[in-house]
1. Springs between alpha-carbon pairs under 10 angstrom, Gaussian network model over the chain: which of Glu169, Glu154, Glu192 fluctuates most?
2. Which GluC sites (Glu not before Pro) in segment 1-90 sit in a loop by DSSP (not H, G, I, E or B) and have at most 14 other Cβ atoms within 10 Å of their own Cβ?
3. Sequence gap at least 6, Cα distance under 8 Å: using those rules, report the relative contact order of the chain to the nearest whole percent.
4. Let me spell out the model: positive unit charges on the Cβ of Lys and Arg, negative unit charges on the Cβ of Asp and Glu, origin at the Cα centre of the chain. What dipole size does that give, in debye rounded to 20?
5. Pull out the extension gain between Asp35 and Ile9, defined as 0.36 nm times the separation in residues minus the alpha carbon to alpha carbon distance; nm, one decimal.
6. In the chain, what percentage of the DSSP-assigned beta bridges are antiparallel, given to the nearest 5?
7. Two decimals is fine: what is log10 I(q)/I(0) at q = 0.15, 0.16 Å⁻¹ for the chain, from a Debye sum with one equal scatterer on every Cα and no solvent?
8. Pick from Ala186, Ala139, Ala100: which is most flexible by mean-square fluctuation in a GNM of the chain where alpha carbon atoms under 10 Å apart are linked?
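Derivation of every value follows stated rules applied to the coordinates shown; laboratory data play no part. These numbers come from a predicted model, not from an experiment. Reconstructed Cβ throughout: ideal geometry from the backbone, glycine too, with neighbour counts over all protein chains shown.
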Amino acid sequence: MRQQLGGKIAIGAHIRQVQTVFKQLFHLEPDFAVDGSQFDVLFAEDEEFKIGSLTAKALYVPGHTPADMAYQIGDMVFVGDTLFMPDVGTARCDFPGGDAYLLYRSIQKLLSLPESTRLMMCHDYPPTNRAIRLETSVAEQRINNIHVRDGISEAAFVAMRNKRDAGLEMPILILPSVQINIRAGALPPAEENGISYLKIPLNGI
């Protein structure tokens with residue numbers, strides 16, 4: 001889209017933290033930049049920007065990773081990897097730089113919005129007895145979220161999240177996808193034989 005239509009690739013400014021962590025983990029080439037310069041725009045917290053005639057706001061919601069963002073447009077918030085549907089709960093925090101305390105505080109930031117605010121899901125992992133859903137609300141989350149509904153303390157959430165994360169398997173495609181994502185979609189540079197490689201750290205995670 002950037003090449004064909006002149007669009008820009010934007011991401012939160014904290015991508016620099018993620019790049020720093022994964023440059024070390026994947027032992028990337030020495031000149032791999034960890035300043036976010038692969039992207040066209042780095043959003044600051046609460047920065048507003050335009051999508052055509054729409055005004056959007058970048059919300060910083062770390063926890064799942066140190067760089068997570070949500071995007072607010074009118075009465076909708078695209079929550080990214082923070083909240084799932086109420087019967088599924090919340091995102092894991094065991095990736096490098098993840099932090100359950102930060103995730104709890106980020107979620108409280110989202111749930112402090114007006115109760116009618118529509119929350120648009122990034123993922124849904126529905127139980128077998130319901131169809132996939134893409135939308136919920138602040139009110140629904142505050143009443144029904146199995147991990148962070150009203151009345152669940154930060155300490156209780158962190159204990160639950162850490163215990164749950166300890167038993168989760170590594171997502172199949174996370175290691176190759178991260179190596180592309182931190183380059184804003186570009187492949188790693190070709191090596192001397194003209195081939196680009198993705199790496200699998202066998203004992204680093």
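1. Of Glu169, Glu154, Glu192, the Gaussian network model singles out Glu192 as fluctuating most.
2. Numbers: sites: Glu45, Glu47, Glu48; in loops: Glu45, Glu47.
Qualifying residues, ordered by number: Glu45.
3. Numbers: 334 pairs, mean separation 33.9, N = 205.
The value is 17 percent.
4. Working: 19 positive and 24 negative charges, 58 e Å.
Its charge dipole is roughly 280 debye.
5. 7.9 nm
6. On the way: 16 of 22 bridges.
Of those bridges, close to 75 percent are antiparallel.
7. Values returned for q = 0.15, 0.16 Å⁻¹ are -1.05, -1.16.
8. Ala186
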